[in-house]
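**Q** Below are the structure tokens for one structure; questions will follow.
The values are calculated or read from the model by the stated rules, or taken from the named source; none is laboratory data. It should be emphasised that the depicted structure is a prediction, and the values quoted were computed from it without experimental measurement. Don't worry about glycine lacking a Cβ; one is built from the backbone with ideal geometry, like all the others, and counts go over all protein chains shown.
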Amino acid sequence: MSLVAGVDVGSTTTKVVLIEDSQVLAAEVCATGANCRKAAHALLAAALQSSGRERSEVRSVVSTGYGRKLVDFADEIVSEITANARGAVWLHRGEVPVRTIIDVGGQDSKVICVDRSGLVTNFAMNDKCAAGTGRFLEVLSRILEIDLDQLGEISLKSRKRLEISSVCTVFAESEVVSLISQGKSVEDIVAGLHKSVARRVGDLVTTVGLQEAVFFDGGPALNCGLIKAFEEELGVSLIVPESPQIVTATGAALVASDSLSDKASRDRIKPPSP
């Protein structure tokens, strides 16, 4: 048995996943806060406690994400592109394999293309601007005085989706304030914000090329209104995992498991010492 851990330190949240024998034993999520290292340590401890395991039993830890280099107990570091692709392909083992992955994070968005064997062939990233990210929705939800986790249900009640033309968060904020002053409904404004995010991410999809099946993960994938906006923008149905926040951490844990397997294979074929 090989117990491994994946740690995804994102700009907004940190995630830890424990995997043993191709089974997820535990997954924990918390706000990253100002101390990435502290958050990672605390989450690993919580995951071990919930699974009834000890730290000494973890044979390998792989870190990824924004703060991956700050995880001082990691045995290996991988990019979030590699980890996200590995996790998405593994989590969806359906009749039609995943070929396009959309990952919307707190402060960046990524679109990844993989071949039929799950290897990354291309990707595009928006990491210079908050538009098209979770941060965009978080900022504007505060302007609207709506909890972030309520945006999806509210937008589904829209009868006339408004156009939010600004791609910059600052200008979009002014645009939303103007729409509020005009007496526009909150439902229509939120639906317009979702459309704006979908359009921005859709530009990334166009850059790399759309191939089905399309997998959607990251914290914003919990937003049913955003899922609808993406499906309308792209003209496809999205595959959304039950726990979209932990996909990249899951991939990191799988990379750790792969590394152990590779090492075991090398040891088996290693010639005996003379």
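**Q** Restricting to region 1-50, count the residues that are free of Cβ contacts under 8 Å to residues at least 60 places away in the same chain and either over 15 Å from Gly87 (Cβ atoms) or part of a helix (DSSP H, G or I) (or both).
**A** Total meeting the criteria: 29.
**Q** Looking only at region 46-69, which residues are in contact with a Lys or Arg (Cβ under 8 Å, 6 or more places away or on another chain) and surrounded by fewer than 17 Cβ atoms within 10 Å (Cβ to Cβ)?
**A** If the condition is that a residue be in contact with a Lys or Arg (Cβ under 8 Å, 6 or more places away or on another chain) and surrounded by fewer than 17 Cβ atoms within 10 Å (Cβ to Cβ), then no residue fits.
**Q** To continue, here is another question. Would you mind finding the one in Gly132, Gly152 that is closer than 30 Å to Ile81 by Cβ, at pLDDT below 80 and either surrounded by 14 or more Cβ atoms within 10 Å (Cβ to Cβ) or in contact with a Lys or Arg (Cβ under 7 Å, 6 or more places away or on another chain) (or both)?
**A** Only one candidate qualifies: Gly132.
**Q** Quick one: Leu140 ticks every box in (1) in contact with a strand residue (DSSP E or B) (Cβ under 8 Å, 6 or more places away or on another chain); (2) more than 19 Å from Thr250 (Cβ to Cβ) except a single one, so which number is it?
**A** Single failed check for Leu140: (1).
**Q** Moving on. Only one residue in Glu242, Glu232 is closer than 24 Å to Cys168 by Cβ and charged (D, E, K, R). Which one?
**A** When all the criteria are applied, what remains is Glu232.
**Q** Would you mind telling me which numbered condition in (1) among the β-branched types (Val, Ile, Thr); (2) under 11 Å from the mean Cα position of the chain (by Cα); (3) more than 23 Å from Asp147 (Cβ to Cβ) Ile246 fails?
**A** (3)
**Q** Looking at (1) modelled with pLDDT under 95; (2) out of contact with any Cys (no Cβ under 7 Å at 6 or more places or on another chain); (3) surrounded by 20 or more Cβ atoms within 10 Å (Cβ to Cβ), which one does Pro97 not meet, given that it meets all the others?
**A** Tallying (1) modelled with pLDDT under 95; (2) out of contact with any Cys (no Cβ under 7 Å at 6 or more places or on another chain); (3) surrounded by 20 or more Cβ atoms within 10 Å (Cβ to Cβ), Pro97 fails exactly one: (3).
**Q** While we're here: Taking the conditions exactly as written (part of a helix (DSSP H, G or I), touching a Ser or Thr at 6+ places or on another chain (Cβ under 7 Å) and not β-branched (Val, Ile, Thr)), does Gly87 satisfy them or not?
**A** In short, yes.
**Q** Among the residues of region 143-179, count how many are outside any loop (DSSP other than H, G, I, E, B), small (Gly, Ala, Ser) and within 20 Å of Val201 (Cβ to Cβ).
**A** Counting residues in region 143-179 that are outside any loop (DSSP other than H, G, I, E, B), small (Gly, Ala, Ser) and within 20 Å of Val201 (Cβ to Cβ) gives 3.
**Q** Output the number of residues of region 53-84 satisfying the condition of being assigned to a helix (DSSP H, G or I), basic (Lys, Arg) and either touching a Ser or Thr at 6+ places or on another chain (Cβ under 7 Å) or closer than 18 Å to Pro244 by Cα (or both). Working first, answer last.
**A** Just the residues of region 53-84 that are assigned to a helix (DSSP H, G or I), to begin with: 55-57, 68-70, 80-84.
The next check asks that each one be basic (Lys, Arg); those that pass are 55, 68-69.
Restricting the remaining residues to those that are either touching a Ser or Thr at 6+ places or on another chain (Cβ under 7 Å) or closer than 18 Å to Pro244 by Cα (or both) gives none.
Matching residues across region 53-84 total 0.
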